[in-house]
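The values are calculated or read from the model by the stated rules, or taken from the named source; none is laboratory data. This structure is a prediction, so every number in the text was calculated from the model and none was measured. Every residue, glycine among them, receives a Cβ derived from its backbone with ideal geometry; neighbour counts consider all protein chains shown.
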Amino acid sequence: MLATAIVFISTALVLYSVSIWMERIIKALKPWMVKTFFSAFMCDLVGTSLMFFQKTDMFQLNLHSICGYTALIIMGLHLSWAVVSLYRKGLVLVLFHRFSIFAWLIWLIAFISGMPKV
């Protein structure tokens, strides 16, 4: 089950990165980006759920869990904001563009903090 969770989380990394960086590069939010973003969120949610349910002690309070759950919440809020930004231009879209990299960095910290220490 851990391997499946890792595949989902890694897929989320790729999809989330593509949607955030393409929006940043072309300076426009397209519907396909929001769909990719949604897919990334769902992969992250499935991967996180699989990891949560595979643990025997169910929950540990550590850097990775704090970052991971915070990042998942931020990603969900960010996805909602992306949907709103598609239909409401102006300041909503400008602020979305500015916040996207910040949200992605928080998610990346959570991703990296979960990697095994070598």
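Is it the case that segment 20-29 has a residue that's in contact with a Leu (Cβ under 8 Å, 6 or more places away or on another chain), within 20 Å of F102 (Cβ to Cβ), modelled with pLDDT of 90 or more and part of a helix (DSSP H, G or I)?
Yes: segment 20-29 contains one or more residues that are in contact with a Leu (Cβ under 8 Å, 6 or more places away or on another chain), within 20 Å of F102 (Cβ to Cβ), modelled with pLDDT of 90 or more and part of a helix (DSSP H, G or I).
Quick one: F53 ticks every box in (1) more than 13 Å from the chain's Cα centre (by Cα); (2) assigned to a helix (DSSP H, G or I); (3) more than 18 Å from L2 (Cβ to Cβ); (4) not basic (K, R) except a single one, so which number is it?
Tallying (1) more than 13 Å from the chain's Cα centre (by Cα); (2) assigned to a helix (DSSP H, G or I); (3) more than 18 Å from L2 (Cβ to Cβ); (4) not basic (K, R), F53 fails exactly one: (3).
Collect the residues in segment 67-118 that are surrounded by 12 or more Cβ atoms within 10 Å (Cβ to Cβ) and among the small types (G, A, S), keeping them in residue-number order.
G68, A71, G76, A82, S85, S100, A103, A110, S113, G114
Taking interchain pairs and intrachain pairs at least six residues apart, which have beta carbon atoms under 6 angstrom, with the first residue in segment 63-86 and part of a helix (DSSP H, G or I) and the second among the hydroxyl-bearing types (S, T, Y)?
L63/S113; H64/S113; C67/S113; L72/T48
Is it the case, given these coordinates, that I112 is touching a residue at least 24 places away in the same chain (Cβ under 8 Å) and in a helix (DSSP H, G or I)?
Answer is no for this residue.
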